[in-house]
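Following: one structure in structure tokens, then a few remarks.
The values are calculated or read from the model by the stated rules, or taken from the named source; none is laboratory data. Bear in mind the structure is a predicted one, so any value in this text is a computation, not a measurement. Neighbour counts run over all protein chains shown; Cβ positions are idealised from the backbone, glycine included.
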There are 2 protein chains.
Amino acid sequence: MTRITKQRQVVLEVLSTFDSHPTADMVYDKVREKLPRISLGTVYRNLEVLAEEGLIRKLSVGNDRKRFDHDLTDHDHIRCIVCHRIDDVDFSLSTSSENLIEKEGYKILGHTMVFWGKCPDCLKLEQKIK
Amino acid sequence: MTRITKQRQVVLEVLSTFDSHPTADMVYDKVREKLPRISLGTVYRNLEVLAEEGLIRKLSVGNDRKRFDHDLTDHDHIRCIVCHRIDDVDFSLSTSSENLIEKEGYKILGHTMVFWGKCPDCLKLEQKIK
DNA sequence: GTAATTGCAAAAATTTTGCCTCATA
DNA sequence: TATGAGGCAAAATTTTTGCAATTAC
């Protein structure tokens, strides 16, 4: 049985303070403010456990590092190709759309959609430079 | 200017023989059958260059390693959560759907959609075991 | 000729793991 | 008190990079 440890609590707590989608070591940095002796390995282990338990989401957003999201609602993501920030997008594929590919023989359990483009800030900056 | 080297040619050629979506070292293994002295670094560099030139696609499909796809047509992917194989899916979001999130202030350039579920083979195996 | 590219090896970056100790249930 | 979890450090994995030699243009 999984136990409720101080470390696990703080990892979960800290993750929910992010409005961005942090990597494991971004979480680690912030957790250490409260638990200075925690190890990076523990943060990795706990993020993994919490994701398995469905308390958080593990994201794969682009070709970089793993990211974590405390927001469990049905939403997708958008990544800025310039500054790499990741924002939430309410737009979400209806479950009925998932049925469209049932024909492949797969049993579809869900999807991950990531839009990519340029974020408002980077667009503004681009205008200034021109 | 980018040059056409033997190594670059073979990497591209070999990639197109895969109907799966190989990782860099899967490509490396197969390229070495033709060019035994090629290095893994060269394969990585060429996959990167080819992706930049738009001759191949770099995929981010799940929380694992980078994968590469020679198929440039507009399609998405589906990953089996059991055996991790990745197949193509014809279903694709219309460009008009991308416009739905213009309101976020982002300039949307594209999207990546990955469905996940269980592939036909793993479903069959599951049935047998039960 | 010259600048891009290669092979090699070392380094960097990210994530996982072994082991012994500690603490939760 | 039994066992899951933590801390630490080492290892594993994946990817990038510096450099001298080579090669395409």
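Could you check how many residues of region B:88-107 are at pLDDT below 75, touching a strand residue (DSSP E or B) at 6+ places or on another chain (Cβ under 7 Å) and not in a helix (DSSP H, G or I)?
Here the count works out to 4.
Can you say whether residue A:82 is in contact with a Cys (Cβ under 9 Å, 6 or more places away or on another chain) and either within 14 Å of chain B (Cβ to nearest Cβ) or at pLDDT 90 or above (or both), as far as the supplied structure shows?
Yes; evaluated as a whole, the condition is true for this residue.
Give me the residue from region B:25-53 that is among the acidic types (Asp, Glu) and touching a residue at least 12 places away in the same chain (Cβ under 8 Å) and, out of that set, nearest to DNA strand D (Cβ to nearest atom).
B:25
Read through the list (1) in contact (Cβ under 8 Å) with a residue 24 or more places away in the chain; (2) under 22 Å from residue A:114 (Cα atoms); (3) surrounded by fewer than 17 Cβ atoms within 10 Å (Cβ to Cβ); (4) not charged (D, E, K, R), then give the number of the only condition that residue B:59 fails.
(3)
Mind listing whichever residues of region B:6-24 are near DNA strand C (Cβ under 9 Å from one of its atoms), in contact (Cβ under 8 Å) with a residue 24 or more places away in the chain and out of contact with any helix residue (DSSP H, G or I) (no Cβ under 6 Å at 6 or more places or on another chain)?
B:6
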